[in-house]
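J.: Okay, here's the structure, questions in a sec.
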């Protein structure tokens, strides 16, 4: 029987920490980066092997991995509460960095720009949330606000509050988005109704209503692109 090598017995260039020091973080695979975070594996797997398996069971997709809870991660042998918390925190930092980079340069010219704003906030959620972005006269982002959090199926937005916030912030335009945790981006009857009510409200107070996005994982539906706004 062949003896399995531990990470410390690997060639130096194959060890994640040493590899990062010599070649930089971009040279490491997702599994190697995650292995640095958890530090050790289990009796049967090195940290890298364990992280490869965790990623494999999540379709090698970091966005899917980010949806896992502490209890979900603890189901993997070798992942205790501390390691699970470390992984979740690291993935959240990555999400926040992505969000901040977008806002620093973001002028809204099309639906994909809005997805860059809303996507990182909602694509990993297992419950529904409703968000709004307020823009100035140049269609640049002033502020992004979470309006409601709901259950697995539906969240309800208070449209008068949304319009009041737009006036308080002296916004020239707004766009909204909510997510479908099911991954189905097709609008419901309620989605069409809410969109029309927001459009009517914005017309009444002379604020431009740019779009309503439905976020479904890494994809989205745009009411504006479909001519519904």
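J.: I'd like to verify a number: residues in the stretch 179-221 that are under 22 Å from residue 127 (Cβ atoms) and in a strand (DSSP E or B), how many?
T.: 9
J.: Right, something else. Any chance the stretch 222-229 includes a residue that's touching a helix residue (DSSP H, G or I) at 6+ places or on another chain (Cβ under 7 Å) and part of a strand (DSSP E or B)?
T.: The answer is yes; a qualifying residue exists.
J.: Still on this model: Please go through the stretch 1-16 and give me each residue that is under 16 Å from residue 49 (Cβ atoms) and either modelled with pLDDT under 60 or surrounded by fewer than 17 Cβ atoms within 10 Å (Cβ to Cβ) (or both), ordered by number.
T.: Across the stretch 1-16, the qualifying residues are 2, 3, 4, 5, 6, 7, 8, 9, 10, 11, 14.
J.: What residue, among those in the stretch 97-141 that are modelled with pLDDT under 90 and exposed (fewer than 12 other Cβ atoms within 10 Å of the Cβ), is farthest from residue 163 (Cα to Cα)?
T.: Result: 97.
The values are calculated or read from the model by the stated rules, or taken from the named source; none is laboratory data. Keep in mind that this is a model prediction, so the values were computed, not measured. Using ideal geometry, Cβ is built from the backbone for each residue, glycine included, and neighbour counts are taken over all protein chains shown.
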